[in-house]
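Below is one structure, written out as structure tokens; comments come after it.
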Amino acid sequence: MIISVIVAASENNVIGKNNQLLWRLPNDAKYFKNTTWGMPVIMGRKTFESLRAEPLPGRINIVVTRQKNWDPGKGNIAMASSVEDAVELAAKSDCRESFIIGGGQIYAESMTIADRIYMTRVHAVLEGDTFFPSIDPDRWILQSNRDLPADDKHAFPYSFQLWEKTKQSDSKRIK
Ligand SMILES: NC(=O)c1ccc[n+]([C@@H]2O[C@H](COP(=O)([O-])OP(=O)(O)OC[C@H]3O[C@@H](n4cnc5c(N)ncnc54)[C@H](OP(=O)(O)O)[C@@H]3O)[C@@H](O)[C@H]2O)c1
């Protein structure tokens, strides 16, 4: 199973503030939905709560928390006590790919096990309180890049980028 990270980050790697996103980019929301549809999505408890505590439809939702008695409320949510456990759980679904969808803590803990990064680079420098780790150019190679302009629905220009890890030995593949 390919372990992928999917994220939207500003030029200075900001991904959120006050447990919210800092932009509304409808094309990115569509891209996220199309890319992750039908696959397991792994997220931190805070990101889950930022989604109004509702599972993303059409996907296996796995929330990572240290709270043993955490109650996800409504919906069909699987819980995991670490990112590694969440990935093991995702692998049981027999999906070809699973997606780590944030937030900052979970991304930071996932960079060593991830094979791919689907990065929407938002071309702005913004203030925030949550960050994506820097992409180390010695470990990651940019496979594709598609630039899109700002328009009446998108306040900032942005680029869809696909990064792949250079050294397969760094990634923990789960068959
Ligand atoms: N731009 C984007 O693409 C994007 C995507 C997703 C999220 N975000 C933003 O990111 C922000 C949220 O990120 P965040 O860093 O504050 O929180 P987070 O990573 O979503 O969740 C953190 C929580 O995950 C659990 N956790 C973390 N590491 C763990 C471990 N090793 N084992 C078990 N549980 C663990 C803990 O839950 P407990 O406290 O319950 O133990 C922790 O409080 C929001 O602003 C959100 O909008 C942005």
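Here, each number is a calculation from the coordinates, and none is a lab measurement. Keep in mind the model is a prediction, meaning the values are calculated, not measured. Cβ atoms come from the backbone with ideal geometry, glycine included; neighbour counts cover every protein chain shown.
Spin-label model, Ser82 to Ala150: label points 7 Å out along the Cα-to-beta-carbon direction sit 4.4 nm apart.
Taking amide H atoms as placed 1.01 Å from N in the peptide plane, the amide H of Leu148 lies under 5 Å from those of Tyr158, Ser159, Phe160, each 5 or more residues away in sequence or on another chain. In this structure, Ala124 and Thr166 have a Cβ-Cβ separation that, at R0 = 25 Å, corresponds to a calculated FRET efficiency of about 0.35. With both labels modelled 7 Å from their Cα along Cα-to-Cβ, the Asn19 to Ala53 distance reads 0.9 nm.
Most simply put, the chain has about 45% antiparallel DSSP beta bridges, counting only bridges with both residues inside it.
How far apart, in nm, are the 7 Å Cα→Cβ label points at Lys68 and Ala29? Result: 4.0 nm between the two label points. As a length-normalised measure over Cα pairs under 8 Å and 6 or more apart, the relative contact order of the chain settles at 33 percent. In a DSSP loop and with at most 12 other Cβ atoms within 10 Å, the trypsin sites (Lys or Arg not before Pro) in the stretch 73-160 are Lys74, Lys92, Arg96, Lys153. Only alpha carbons enter this Debye calculation for the chain, each as an equal point scatterer, and the log10 of I(q)/I(0) it gives at q = 0.10, 0.12, 0.18 Å⁻¹ is -0.36, -0.53, -1.23. Couplings 3J(HN,Hα) of the stretch 124-139, computed from phi: 7, 9, 10, 8, x, 10, 9, 10, 8, x, 4, 8, 6, x, 7, 10 Hz, in residue order, whole Hz [Karplus 6.51 cos²θ - 1.76 cosθ + 1.60, θ = phi - 60°; x for Gly and Pro].
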